[in-house]
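Structure first, commentary second.
The values are calculated or read from the model by the stated rules, or taken from the named source; none is laboratory data. Only a predicted model underlies this, so the values are computations on that prediction, with no experimental measurement involved. Cβ placement follows ideal geometry from the backbone for every residue including glycine, while neighbour counts extend to all protein chains displayed. These area figures cover heavy atoms from the full protein model, side chains too; ligands, DNA and RNA do not enter into them. Shrake-Rupley method; radii C 1.70, N 1.55, O 1.52, S 1.80 Å.
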Amino acid sequence: MNENTCIYWSDFTVGEWHFYLAATTKGLCYVSSPNSKREELQSWITKKFISVNLIEDTDQLEPYKNDLIAYFQGELTNLSFATDLQGTPFQQKVWQALHHVPYGKTYNYAQIAELIGKPTAVRAVGTAIGANPVLISVPCHRVIGKDGTLTGYRGGIEMKKHLLKLEQHTLTEGLS
């Protein structure tokens with residue numbers, strides 16, 4: 001937990017989904033579930049920060065919005081903006097591993113557990129993935145069940161399907 005942090009927030013809509021974004025001066029720290037209420041953002045902030053100045057600032061979040069919109073339009077395959085991820089050391093390790101899942105590909109939970117050197121920690125890996133605060137940018141949507149099924153996703157299974165289909169389409173169209 002951090003003390004006396006300024007968190008800038010804004011909302012944006014892309015397609016049928018409405019999101020809330022939040023960032024510190026270090027980078028993007030939160031992407032809400034699609035079509036959630038602002039209370040989801042407020043609840044997350046309350047859990048992760050002791051004292052915070054919450055400031056609505058569209059300009060501060062504009063670079064993140066632009067990259068996310070370009071991603072949703074299939075124009076950007078690598079979201080490389082800075083993030084400020086709030087989580088345990090284990091969660092941080094799992095979230096870092098997710099960046100090794102290539103765009104348009106999927107890994108299962110066991111493969112992520114292998115990546116972090118904890119092959120028996122499959123359930124703990126699943127829990128850490130479920131706690132990912134930065135949807136899309138930390139590509140937890142690329143993790144599926146060992147049998148190939150789409151498993152839980154904070155953004156919802158429909159959004160997960162959409163993101164995976166978008167990435168496959170972008171790759172087959174040869175865009176990068």
Any idea how many residues of the range 18-54 are assigned to a strand (DSSP E or B) and open to solvent by less than 80 Å² (accessible area, probe 1.4 Å)? 15
With criteria (1) open to solvent by 30 Å² or more (accessible area, probe 1.4 Å); (2) among the aromatic types (Phe, Trp, Tyr); (3) modelled with pLDDT under 95, Tyr107 comes up short on (3)
It is to be established whether one or more residues within the range 100-108 are in a loop (DSSP other than H, G, I, E, B), over 15 Å from the mean Cα position of the chain (by Cα) and among the basic types (Lys, Arg). yes
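Would you point out which residue out of Ile116, Ile144 is on the phi < 0 side of the Ramachandran plot, open to solvent by 10 Å² or more (accessible area, probe 1.4 Å) and touching a Ser or Thr at 6+ places or on another chain (Cβ under 9 Å)?
The match here is Ile144.
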What residue, of Gly87, Gly126, Gly152, is loosely packed, with under 15 Cβ neighbours inside 10 Å, in contact with a helix residue (DSSP H, G or I) (Cβ under 8 Å, 6 or more places away or on another chain) and closer than 29 Å to Lys48 by Cβ? Gly152
Residues of the range 127-170 classified as among the small types (Gly, Ala, Ser) and part of a helix (DSSP H, G or I), total: 2
Which ones in the range 63-84 are touching a residue at least 40 places away in the same chain (Cβ under 8 Å), open to solvent by less than 70 Å² (accessible area, probe 1.4 Å) and out of contact with any strand residue (DSSP E or B) (no Cβ under 8 Å at 6 or more places or on another chain)? Tyr71, Gly74, Thr77, Leu79
Every residue from the range 129-141 that is open to solvent by less than 30 Å² (accessible area, probe 1.4 Å), out of contact with any Lys or Arg (no Cβ under 7 Å at 6 or more places or on another chain) and of a type in the set (A, V, I, L, M, F, W, C): Ile129, Val134, Ile136, Val138, Cys140
Near pairs, Cβ below 8 angstrom, 6+ apart or cross-chain, from the range 121-137 (over 13 Å from Ala97 (Cβ atoms)) to any residue that is open to solvent by 20 Å² or more (accessible area, probe 1.4 Å) and of a type in the set (D, E, K, R): Gly130/Arg154; Pro133/Lys48; Leu135/Arg154
